[in-house]
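The values are calculated or read from the model by the stated rules, or taken from the named source; none is laboratory data. Quick caveat: nothing in here was measured; it's all calculated off a predicted structure. As a convention, Cβ positions derive from the backbone with ideal geometry for all residues, glycine included, and neighbour counts pool all protein chains shown.
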Amino acid sequence: MHLLVHHLLYVAAGSTTTTFKIQGLGKLVYGLAAIGPGIGIGLVFGHAIEAMARQPEASGRITTYMWIGFALTEALALIGIAVPFFITS
Amino acid sequence: MSDAHLMTTAHLVTTASGCHFQSKPSCGYPAPSIENFFFKPIFTIGSYQFTKPILIMLLSAAIVLLVFWLAFRSPKLVPRGIQNVGELGILAVRDQILRPQVGSKGDRYLPFLVSLFFFIWLMNLWELIPVAQFPATSKFAFPLGLTLVVWVTYLVIGMRHQGPLGYFKNMAVPPGAPWWILPLLSPIELLSNIIVRPFTLSIRLFANMLSGHLLLLVFSVATWYLFSATIGLLFAAVSFIVFLLVFLLEVLITLLQAFIFTTLTAFYIGDALEPAH
């Protein structure tokens, strides 16, 4: 607890160097970013399939919303891919 | 940008020198990077560089204009020939995109949405067409410009239909929301409608096209790089098969991203026409 407060004060004092001791952490980054959208897309398509199984005559409308949901969720995963390319720091 | 030119020429030197998988002066895989998205200008006027993405954008606009102009040059009640194609496009956008999001009262925005949809779709499609093979929308400027147009459009529509201050008041205080949730809801609503929507709209299209192009680059360069008279031939074949699969995926994604952009535009316009309920 004392260490945590010390660390927070250190960061709050405006230190500009925070070094990660774990090497190769950058390679993990997109993998972590893809967890959420992966689950999300699975949910979107899974629920769409279930809905189409329950009521096949609504398949057209369900398909439309399925693609919209897919694109919105995929956007987050793709932001994770694309953002590292134009962060210059 | 001088570094970018050096990088692209370095890539060209590597590729032109026959550097393959197990060639004797051993060289690594020339990995595609962000540098592949910067082009040497075709010509320069002053400090304005006319590059390949700009050419692709102008071609897309010209083709869309040409097709629709030809289709409706002398419209007949019973359509013949290319008028069928034009009508198909317009009715598809109206019935699949505009009407489900806005309803019939949004029909006056149909020309805008038709142009938007086909322009974005065609700009995306250049990723797959053999000579060009670059989606103009993977340069952030193009989705950003389109998003700014859409953003100003729905803000102006909202202010015109609900009054300049009434629009933002209805956004921050949705009719029917209990008073105790407003401190949480109002900042979120304002931020979401004014900042987050244009941001995600532009970056969704941009990131999709960027990653698609990057994937195609990775596998096509890998096919070329692995293509040598050793076991590399098998690797190159596998890489080519994956390239074809990614190509098929991109056929879907180009259409889907144009559809999503236009659908969300229609939704934001419909949202601006009347207060959220």
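Just a few scattered comments:
- If only residues of the range A:80-89 that are under 18 Å from B:Gln257 (Cα atoms) and touching a residue at least 12 places away in the same chain (Cβ under 8 Å) are counted, the one that is nearest to the other protein chains (Cβ to nearest Cβ) is A:Ile81.
- Summed over the range B:161-216, residues that are buried (at least 18 other Cβ atoms within 10 Å of the Cβ), of a type in the set (A, V, I, L, M, F, W, C) and away from every other protein chain (no Cβ under 13 Å) total 3.
- Residue within the range B:241-250 that is in a helix (DSSP H, G or I), modelled with pLDDT of 90 or more and within 12 Å of chain A (Cβ to nearest Cβ) present: yes
- Checking B:Ile231, B:Ile203 one by one, the residue that is closer than 24 Å to B:Pro53 by Cα and among the β-branched types (Val, Ile, Thr) is B:Ile203 and no other.
- Residue match in the range B:229-237 (condition: at pLDDT below 95, within 13 Å of chain A (Cβ to nearest Cβ), surrounded by 14 or more Cβ atoms within 10 Å (Cβ to Cβ) and over 21 Å from B:Leu125 (Cα atoms)): no
- The C-beta contact set for the range B:197-213 (first residue closer than 25 Å to B:Ala272 by Cα, second residue outside any helix (DSSP H, G or I), distance under 9 angstrom, 6+ apart or interchain) comprises B:Ser202/B:Phe140; B:Ile203/B:Phe140; B:Phe206/B:Lys139; B:Phe206/B:Phe140.
- Tally of residues being touching a residue at least 40 places away in the same chain (Cβ under 8 Å) and either under 15 Å from B:Met123 (Cα atoms) or buried (at least 18 other Cβ atoms within 10 Å of the Cβ) (or both) across the range B:238-266: 15
- Qualifying residue in the range B:1-11 (condition: within 20 Å of B:Met209 (Cβ to Cβ), surrounded by 13 or more Cβ atoms within 10 Å (Cβ to Cβ) and at pLDDT 80 or above): no
- Selection of the range B:147-196 for residues being polar (S, T, N, Q) and farther than 13 Å from B:Asp271 by Cβ yields B:Thr147, B:Ser186.
- Selection within the range B:142-160 - of a type in the set (A, V, I, L, M) and away from chain A (no Cβ under 14 Å): B:Leu146, B:Leu148, B:Val149, B:Val150, B:Val152, B:Leu155, B:Val156, B:Ile157, B:Met159
- When B:Asn84, B:Asn124 are checked against the criterion of being of a type outside the set (Val, Ile, Thr), part of a helix (DSSP H, G or I), touching a helix residue (DSSP H, G or I) at 6+ places or on another chain (Cβ under 9 Å) and within 14 Å of chain A (Cβ to nearest Cβ), a single residue qualifies: B:Asn124.
- Exactly one residue out of B:Gln96, B:Gln133 is at positive phi and either surrounded by fewer than 23 Cβ atoms within 10 Å (Cβ to Cβ) or part of a helix (DSSP H, G or I) (or both): that is B:Gln133.
- All conditions but one from (1) closer than 30 Å to B:Ala172 by Cβ; (2) touching a residue at least 12 places away in the same chain (Cβ under 8 Å) apply to B:Ser192; the one that does not is (2).
- One residue stands out in the range B:127-141 among those that are closer than 13 Å to B:Phe247 by Cβ and without any contact (Cβ under 8 Å) to a residue 40 or more places away in the chain: the one that is farthest from the other protein chains (Cβ to nearest Cβ), namely B:Pro130.
- Residues in the range B:38-81 that are more than 29 Å from B:Val114 (Cβ to Cβ) and either of a type outside the set (D, E, K, R) or in a helix (DSSP H, G or I) (or both): B:Phe38, B:Phe39, B:Pro41, B:Ile42, B:Phe43, B:Thr44, B:Ile45, B:Gly46, B:Ser47, B:Tyr48, B:Gln49.
- Put simply, of B:Leu116, B:Leu155 the only residue that is touching a Leu at 6+ places or on another chain (Cβ under 8 Å), part of a helix (DSSP H, G or I) and touching a residue at least 60 places away in the same chain (Cβ under 8 Å) is B:Leu116.
- Hits in the range B:140-160 - residues which are closer than 25 Å to B:Phe119 by Cα, more than 19 Å from the chain's Cα centre (by Cα) and surrounded by fewer than 16 Cβ atoms within 10 Å (Cβ to Cβ): B:Val156
- Candidates are the residues of the range A:40-73 that are more than 14 Å from chain B (Cβ to nearest Cβ), loosely packed, with under 14 Cβ neighbours inside 10 Å and more than 21 Å from the chain's Cα centre (by Cα); the one that is nearest to B:Leu256 (Cα to Cα) is A:Ile49.
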